[in-house]
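Asks: The structure follows.
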Amino acid sequence: MVNSSHQLTGVAAIESALKQGQALQLILIQKDTSDPAVLRLRERAEKEGLPLRLASANDLRRMSRVSPPAPALALVGRNPNADAEDVLAEPGLLWLLAGVQYPSNVGFILRTVEVTGAQGVFVDAPFSRRDRIRSLRISIRADRFLPIFWQNSAQVIEAARRHARPIYAVETTGAVAPWEVDLSGRPLLIVGGERDGIPTEILTACDATIRIPPPGFIPSLNVQASVSAIACERLRQLAESSA
């Protein structure tokens, strides 16, 4: 099963991981702390050239999984600076946003899939540099912790095939419900544009098309909500498989 958390919380957990030789992709340390243990960890990280970033107490409060918040966190299992081929070869879920048109939607999706543990995201959208920056800001800079690639959909699908990833579309024309598909492995999940959905040539390249059943009058969810629903269904399946 894929590791359920990309976060190590607290100095003790980080030091234990370092002792065991575990790769840490990023260490976040509170910049204004006087805690001797935290200061020793910071000194070690600087001396050994470990990826280190200083954060405010408010940042640590928002990101920490415990209360009171930990003054040090580490990112494991996902390298935000990895290249696309490495990410495609790894375990874990990948997303492809094929034609999502609005930076606000992309930003929301990036934040959602980071929180729910995706391994990486590919974005195929005609965005200017300004639009890309805006989407990252809306995501609360999820790119600090999640690899994001701006890449053509056909290239992504071809690469996913080379790495033996199942490919599933999420579209109103789908024939299977989310809970009828195994999402617990390493699929590539594809969502489309807000108005036109996923292009036909992409749908035909997929192994299955997932449809979220709409008991309401409007037949489809906003793309943000669709991603959230599928991401949470994956979390449910992972929890069920580990029970």
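Here, each number is a calculation from the coordinates, and none is a lab measurement. Here the structure is a predicted model, which means the values were calculated and not measured. Don't worry about glycine lacking a Cβ; one is built from the backbone with ideal geometry, like all the others, and counts go over all protein chains shown.
Asks: Using R₀ = 51 Å, calculate the FRET efficiency as 1/(1 + (r/R₀)^6) where r is the Cβ-Cβ separation of Q20 and R195; round to 0.05.
Replies: It comes to 0.55.
Asks: Separate question: With a cut-off of 19 Å, note down the residues of the range 123-152 whose backbone N falls inside the zone around a label point 7 Å from the Cα of A89 toward its beta carbon.
Replies: Only 147-149 fall inside the zone, counting backbone N under 19 Å.
Asks: Which order do the peptides 226-239, 15-28 come out in when sorted by mean C-beta neighbours inside 10 angstrom, highest first?
Replies: 226-239, 15-28
Asks: Amide H to amide H, which residues 5 or more places from I212 or on other chains are under 5 Å from it, using H placed in the peptide plane?
Replies: HN-HN under 5 Å from I212: E171.
Asks: Now for a different question. Counting Lys and Arg as +1 and Asp and Glu as -1, what is the net charge of the other residues whose Cβ lies under 13 Å from the Cβ of S220?
Replies: Result for the local shell: -1.
Asks: Continuing with the same structure: What full-extension length gain, to one decimal in nm, is calculated for Q151 and R62 as 0.36 nm per residue of separation minus the Cα-Cα distance?
Replies: Taking Q151 through R62 to full extension adds about 28.9 nm, to one decimal.
Asks: Can you list residues whose amide H is under 5 Å from V123's amide H, if they're 5+ apart or on another chain and H is modeled 1.01 Å from N?
Replies: Those lying under 5 Å, H to H, from V123 are L97, F149, W150, Q151.
Asks: Taking θ as phi - 60°, what are the ³J(HN,Hα) couplings along the range 87-96 by the Karplus curve (6.51, -1.76, 1.60), each to the nearest whole Hz, with x for Gly and Pro?
Replies: Each residue's phi maps through the Karplus curve to give 5, 5, 7, 7, x, x, 7, 10, 10, 10 Hz.
Asks: Could you order peptides 202-209, 58-65 by the average number of other Cβ atoms within 10 Å of their residues, highest first?
Replies: The packing order, highest mean first, is 202-209, 58-65.
Asks: Can you work out the Karplus-derived ³J(HN,Hα) for every residue in the range 151-168? Use 6.51 cos²θ - 1.76 cosθ + 1.60 with θ = phi - 60°, whole Hz, and x for glycine or proline.
Replies: With coefficients 6.51, -1.76 and 1.60, one gets 8, 5, 4, 4, 5, 5, 5, 4, 5, 4, 5, 4, 9, 6, 8, x, 10, 10 Hz.
Asks: Name the residue farthest towards the positive end of the dipole of the chain from the options I167, P36, A89, assuming +1 on Cβ of Lys and Arg, -1 on Cβ of Asp and Glu, about the Cα centre.
Replies: P36
Asks: Kindly rank 181-193, 160-172 from highest to lowest mean number of other beta carbons found within 10 Å of each residue.
Replies: The most tightly packed comes first, giving 181-193, 160-172.
Asks: Taking Cα atoms, how many degrees apart are the long axis of helix 103-115 and the longest axis of the chain, rounded to 10 and kept between 0 and 90?
Replies: Helix 103-115 sits at roughly 60 degrees to that axis.
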